[in-house]
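These notes are about the structure you will find just below.
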Amino acid sequence: MEQNKVLTVTDLSVYYGQICAIKKVDLEVYKGEMVALIGSNGAGKSTLINTIIGLQKASTGKITFEGEDITRLSSEKIIASGVSVVPEGRGMLATMTVLENLQLGAYHRKDDYTKELNKVFERFPILGERKNQKAGTLSGGEQQMLAISRAIMGNPKMILLDEPSLALSPAYVDKIFKILVELKNEGLTIVLSEQNARKALQYSDRGYVLDLGEVALSGASEQLIKNPAVISAYLGG
């Protein structure tokens, strides 16, 4: 399975001044997996996502994507290498239209992205109907659909999602996770940071539990969801 490893994080530490936000984290993600990062608010999940995508610089350690060292690369180069991100809060450009947001997702591509655009509108007919509408006028769930669609417009090999269920209705939370499973089944590798531990573990293949910037537990999601420590701390048991 080693040859199918897409992402490797080795001995990663990240400091904000004197504060250690991530401490000696090791993580592996294989092709076609959905891997969940769970933990309480402030556990380091967003910092880890931001460091992988290059928005936050690693203090020590190494990040490789498809065998290439991306630790010190700019976000633009990391995105061009095949990684997309759906940031916390969705990162919508509210005054731009749905179509313009989608086109922005494909900005680094040199090829024709019409096929991906048509596929987005096929998967999310509401986005096709509202393609000329300003993104800021969409509902929260529709904006999250747009954010995910914008990420896949770049034809990535892996997407990182930061709190995709944040501020969504329960119905939309289920809808978003089912979309992610569809994308995974189509071959996309997915890493998601999620405070809704139950949903994250229900839909993912494997999980890492972060606590105060360290990996406290990791393993198959079906095992983590039965773990007494996880139940007590994150599942309301």
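The values are calculated or read from the model by the stated rules, or taken from the named source; none is laboratory data. Only a predicted model underlies this, so the values are computations on that prediction, with no experimental measurement involved. Here the Cβ is made from the backbone with ideal geometry for all residues, glycine too, and neighbour counts use every protein chain on show.
Scanning the stretch 124-157 for residues that are among the charged types (D, E, K, R) and under 19 Å from the mean Cα position of the chain (by Cα), we see that the one that is modelled with the lowest pLDDT is E142.
Would you call S13 within 17 Å of Y208 (Cα to Cα), more than 18 Å from the chain's Cα centre (by Cα) and of a type outside the set (K, R)? The answer is yes for S13.
Within the group K45, K31, K62, K24, which residue is touching a helix residue (DSSP H, G or I) at 6+ places or on another chain (Cβ under 8 Å) and of a type in the set (K, R)?
Details: K45 fails: touching a helix residue (DSSP H, G or I) at 6+ places or on another chain (Cβ under 8 Å); K62 fails: touching a helix residue (DSSP H, G or I) at 6+ places or on another chain (Cβ under 8 Å); K24 fails: touching a helix residue (DSSP H, G or I) at 6+ places or on another chain (Cβ under 8 Å).
The conditions single out K31.
Among the residues of the stretch 186-204, the one identified as part of a loop (DSSP other than H, G, I, E, B) and in contact with a helix residue (DSSP H, G or I) (Cβ under 6 Å, 6 or more places away or on another chain) is S204. Look at (1) over 24 Å from T8 (Cβ atoms); (2) modelled with pLDDT of 95 or more and you find that N196 fails only one, number (2). For the stretch 53-68, the criterion of being under 17 Å from the mean Cα position of the chain (by Cα), without any contact (Cβ under 8 Å) to a residue 40 or more places away in the chain and not in a strand (DSSP E or B) is met by at least one residue. N155 passes every criterion in (1) touching a strand residue (DSSP E or B) at 6+ places or on another chain (Cβ under 6 Å); (2) farther than 30 Å from A229 by Cα; (3) not β-branched (V, I, T) apart from (1).
For every residue, the table says whether it meets (1) farther than 23 Å from I225 by Cα; (2) crowded, with 22+ Cβ neighbours inside 10 Å; (3) touching a strand residue (DSSP E or B) at 6+ places or on another chain (Cβ under 7 Å).
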residue	(1), (2), (3)
I22	yes, yes, yes
L27	no, no, yes
A36	no, yes, yes
S40	no, no, no
T51	yes, yes, yes
Q56	yes, no, yes
E68	yes, no, no
R72	yes, no, no
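Among the criteria (1) in a strand (DSSP E or B); (2) buried (at least 16 other Cβ atoms within 10 Å of the Cβ), the one G219 does not fulfil is (2). The lone criterion from (1) free of Cβ contacts under 8 Å to residues at least 40 places away in the same chain; (2) at positive phi; (3) of a type outside the set (F, W, Y) left unmet by Q18 is number (2). Of the helices (runs of 4 or more DSSP H) contained entirely in the stretch 78-175, those carrying at least 2 residues that are surrounded by fewer than 20 Cβ atoms within 10 Å (Cβ to Cβ) and out of contact with any Ser or Thr (no Cβ under 9 Å at 6 or more places or on another chain) fall at 98-105, 114-123, 125-129.
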